[in-house]
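The values are calculated or read from the model by the stated rules, or taken from the named source; none is laboratory data. All values derive from a computational prediction rather than experimental measurement. Backbone-built Cβ (ideal geometry, glycine too); neighbour counts: all protein chains shown.
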Amino acid sequence: MAFSSSSSPVPRRAGGGRDGVHLKERGLSSPRSRGIRSLPDVCPKEPTGEGRGLHNGPSVVAEHDRWTVYSSKVNLPAALNDPRLAKRESDFFTKTWGLDFTEMEVMPSFHLPNISREQFGPYSQEMTQRERIHERCKTICPNKDDVDAVSSITTNHDKSRAELEQVPKIFMRPEFALEDPATFNMVLPWSHFHSAGGKSRDVASSKLLQEKLSHYLDVVEVSIARQISLRSEAFFHAMSSQHELQDRLQETQQAVAILRGRTDAMDRVMCQGPLRALRIALTRNNCVKLHNKLKLMAAVHQTQPTVQLLLSTSEFVGALELIATTKEVLQQELQGIHSFRHLGSQLCELEKLIDKMMVEDFSMYARSDLNRNLKEETQVLEKVHKPNADSQKGRLESLVFGLLRQRKLDFLDIYSDEMITAAKAIVSQCVAERVVHIEEIDTEVIFKLADQMRLMTFPQWFELLENIFETFLLFLQRIKDTLNVIRNVVLQVLSSNHKNRLLAETSSAPVGQDISQEKLALQGEAELAYLTHEGLFISDALNEAQQQRQQESGVAGQDQHSAAGSRFQQNRTETAAEGDSSSGISEISAGREHSFISGENPMPTDMELNRVINNLQELLYVASDVSHDRCVKVLTARAKDGSLERLSSAEFVSLSQAVETFVRDTEDLCGRRSVSLRGALQSQANRFVNRFHEERKTKLSLLLDNERWKQADVPAEFQDLVNSIADGKISLPERKVSGAEDRKPADFLLVDGQKYAVVGTVLLLIRIFLEYCQCVNDIPSITTDMLTRLSDLFKHFNSRSCQLVLGAGALQVVGLKTITTKNLALASRCLQLVVHYIPIIRAHFETKLQPKQFSVLRHFDHIMKDYNDHIAEISAKLVAIMDSLFEKFLSKYEVKAPMPSACFRNICKQMAKMHEAIFDLLPEEQTQMLFLRINACFKMHLKRQLARLGVSNDGGPQHGLVVVDVAFYTENILALKSLERLDLNMAEIWEQKR
């Protein structure tokens, strides 16, 4: 919108202005037209000062004349803020310039200075006073022309308004339409034409209505004419602007035609050739893409034959890699290809088939590896370097790699089942091989292995057992070697996963942002081509893809290859040499490790791989346990009829040593302490100990029942036995074949410089408890049982000897007439010998026990106490014998001549017999102590008899006679050997005077 051409938006300085006030120039107009306001000039004209003809129209190429502010005919702020508009238009720009127009921030011009508000300060202060004066003048003295114009317009408006009000409102409605019957009846009321007045009346009414409507038409026309007259200038201006606009449009059309011609020339000369070159390059790229896509389709088409070729050489990892990569290509690069719609499902079925093949192949491998000869072929199956075994090298690694890749982590269960089956076959095979060489066993009659083993003699069975032990050790060594191979594969995969994580961390920064998706697709397609194993066009595809990458990305792009690209580039040499099957397969096997490093394969996690490693160790433990269990069955089968219980000590010791050696070897080999075989041996050892103890206890009982309690000669071998104990060797010495008969038996047994008079039973008892100690040395596991049994044996010897000697049981058992003092002294001395060895035996057992088992040693303390009590009872019995004699003789003692009396002579005679009986049996100290006690009994009875006789030490005749008898007694006692310095203290026989 714009004002008239006569208005100017630029304020100019008035020529007659006294104060230099800038007033807007007004155009001169007649008084008649001053009251008419023109409409805005919607089609502004060119400035009249420099008019141009049509031949010199606007050019879109050449620049226009320089535009100044005075060239403007439209005051844009005034147009936007037109007070005559009832509502400001909010869509002014979008309506004029289209919906694509958006307001944008206009950058400040670099050619204009930055004007601040402070620079308008002086002007604002100067104009403020003048503005106040001007406003005051306007209110006091309004403009006469404006008043006249306003009054005229108001009068005309009121007059036209009154005339228009005469017109019915129905004609002013927007929905007025004569086609509407209701509207038509309201405008032309037909009721006036059909009244009872007749035809003449209808004619009059119609004329009246026609005049009325004509009047309404005249009023409206006059009002329209008045409005047109008020805006005539604007209408004429619009018409002139329309003609000028048509002239401008014609000039613009000619300029556009010229521009189009020039544009066509530019298109022919500058655009069509390059665009054709670009179009041809794009077509070439599309053809290259199509070619690569076709080669990729050919590569995918060769997947199944290649998988069959790999499976024929047991290269499961390569086949699975090929299937996985082909499925990935089908999902990404070849998605939607109709000819490959069934290939995905076929590859899935083929992958399942490979899974079954790997499981079956691993089962066959485990079966063949565990069942082959253990002694002749000691290395892992198919790891032996033979000329015809190159193609089979690494079969186990290939199987393990494939099973790990498919997450078939339960393959160890298959190996475990085969291992258990092979362990059972080992025992059967060893028994069968041994029975063949034994003529006494008829295998056609006796079918069961247990029955066949029970029919063997112990040497034959023991040789069989040693063979089984040796075979199981080789069996465990083979299992350990195989599991080590599997462990190395798992550790290799674990290390590869660790390297993948490090590579992922180092390459986590964004790379290759400038590489387009098209180039990456070409790279992936070309790198997949290696899978077809068809060398010529595959290598061409790889070379072209490499050249494409070098041209597009340069050296920087080559450094940003993905892990998959590295894997494909790594395996390119494998496929190029596929013509040679052996070398090709070996190269694929060599590249298998790198395929795991790529990170694209669904390999198990580190936690799962660590679990597999733990399961490998557990499987080795299970192998050890299974071997021990099979050996336990061999032992129990032999021991079913009690044959192991009837073994001699040497045989059982050899059996125990063989079992312990096997157990230690398996512990060193497998790193686990198996308890089943030791438990079975312990069970047999308990039975052996029971039989061993019962035999020796029965033997000791028989010896005691037949013992006449007389001093026995000591053979030289027993003296040597005692000497070896004194030297610290608590075991049975080796028997000497020659020279043993040259030495004569001795009367006494020398132990630590002391002489012991013993009976034959005690000598055998020494050998018996040494046999117990020897069993403990050979079988440490039975120490506690042997200790208990040995203590029971000592208790049995003590109690039985007490019954036979002190209890006089020997009178009935052996037929002795009486138990003499010599028998008692000999029994006491035998008990003392046993007491001497009990601490030595206790110390020996203490070295074989664990600290927590020391509590069982208290049995020896109880035995020591029992033996000492028994010895004291024998001493008391000897004293009691003499005490009864003293009481018998002294009760008849009378103090009268001749002296010495018969009573004292009999007492001295009995004392001499006692000394003679015990002097050679008991040591000197014990003899002196015994006679001191006997002397005390004698003094007690003599004192009592003297008190009854009333004899006192008053120096009388009776006193003299008693002194003579006492002197005789003292002289005889002191004359005995080893009693010369005995203090008899005979003064105690007299009552002390009060």
Scanning the range 817-870 residue by residue, those outside any helix (DSSP H, G or I) and surrounded by fewer than 19 Cβ atoms within 10 Å (Cβ to Cβ) turn out to be 817, 818, 820, 849, 850
So residue 756, is it among the hydroxyl-bearing types (Ser, Thr, Tyr), touching a helix residue (DSSP H, G or I) at 6+ places or on another chain (Cβ under 8 Å) and more than 18 Å from residue 826 (Cα to Cα)
no
Considering the range 412-469, residues that are among the polar types (S, T, N, Q) and closer than 27 Å to residue 646 by Cβ, and then whichever is modelled with the highest pLDDT, we arrive at 467
Considering the range 594-615, residues that are buried (at least 17 other Cβ atoms within 10 Å of the Cβ) and more than 14 Å from the chain's Cα centre (by Cα), and then whichever is modelled with the highest pLDDT, we arrive at 603
If we keep only residues of the range 225-260 that are of a type in the set (A, V, I, L, M, F, W, C) and at pLDDT 85 or above, then the residue nearest to residue 188 (Cα to Cα) is 245
In the set 856, 834, the lone residue that is within 27 Å of residue 728 (Cα to Cα), at pLDDT below 90 and outside the structural domain of residue 946 (by TED's automatic domain parsing) is 856
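Yes/no per residue for (1) under 59 Å from the mean Cα position of the chain (by Cα); (2) without any contact (Cβ under 8 Å) to a residue 12 or more places away in the chain:
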{"residue": "640", "(1), (2)": "yes, no"}
{"residue": "673", "(1), (2)": "yes, yes"}
{"residue": "705", "(1), (2)": "no, no"}
{"residue": "710", "(1), (2)": "no, no"}
{"residue": "713", "(1), (2)": "no, no"}
| request: May I ask you to verify whether residue 889 is aromatic (Phe, Trp, Tyr), surrounded by 14 or more Cβ atoms within 10 Å (Cβ to Cβ), part of a helix (DSSP H, G or I) and free of Cβ contacts under 8 Å to residues at least 60 places away in the same chain? | output: yes
Of the residues in the range 886-903, those that are in contact with a helix residue (DSSP H, G or I) (Cβ under 6 Å, 6 or more places away or on another chain) and either of a type in the set (D, E, K, R) or under 30 Å from residue 833 (Cα atoms) (or both) number 1
* Asked: Can residue 965 be described as assigned to a loop (DSSP other than H, G, I, E, B) and not β-branched (Val, Ile, Thr)?
  -> no
Over the range 646-662, the set of residues surrounded by fewer than 17 Cβ atoms within 10 Å (Cβ to Cβ) and outside any helix (DSSP H, G or I) is 646, 648
When (1) in contact (Cβ under 8 Å) with a residue 40 or more places away in the chain; (2) more than 21 Å from residue 872 (Cβ to Cβ); (3) of a type in the set (Asp, Glu) are applied to residue 971, the one that fails is (1)
Note on the range 147-202: residues at pLDDT below 65, among the hydrophobic types (A, V, I, L, M, F, W, C) and surrounded by fewer than 11 Cβ atoms within 10 Å (Cβ to Cβ) are 147, 196
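Among the candidates 303, 283, which residue alone is β-branched (Val, Ile, Thr) and either loosely packed, with under 12 Cβ neighbours inside 10 Å or over 30 Å from residue 357 (Cβ atoms) (or both)? Write out each step before concluding.
Numbers: 303 fails: either loosely packed, with under 12 Cβ neighbours inside 10 Å or over 30 Å from residue 357 (Cβ atoms) (or both).
Unique residue meeting the criteria: 283.
Quick one: which of 262, 226, 279, 284 is more than 60 Å from the chain's Cα centre (by Cα), part of a helix (DSSP H, G or I), charged (D, E, K, R) and not assigned by TED's automatic domain parsing to the domain that holds residue 167? Show your work before the answer.
Values: 226 fails: not assigned by TED's automatic domain parsing to the domain that holds residue 167; 279 fails: more than 60 Å from the chain's Cα centre (by Cα); 284 fails: more than 60 Å from the chain's Cα centre (by Cα).
Going through 262, 226, 279, 284 in turn, just one is more than 60 Å from the chain's Cα centre (by Cα), part of a helix (DSSP H, G or I), charged (D, E, K, R) and not assigned by TED's automatic domain parsing to the domain that holds residue 167: 262.
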Check whether at least one residue in the range 100-122 is in a loop (DSSP other than H, G, I, E, B), modelled with pLDDT under 70 and under 30 Å from residue 216 (Cβ atoms), and report yes or no.
no
Expected output for the range 869-884 (first residue more than 14 Å from residue 915 (Cα to Cα), partner crowded, with 16+ Cβ neighbours inside 10 Å and of a type in the set (Ser, Thr, Tyr), Cβ below 6 Å, 6+ apart or cross-chain) is 871/828; 874/828
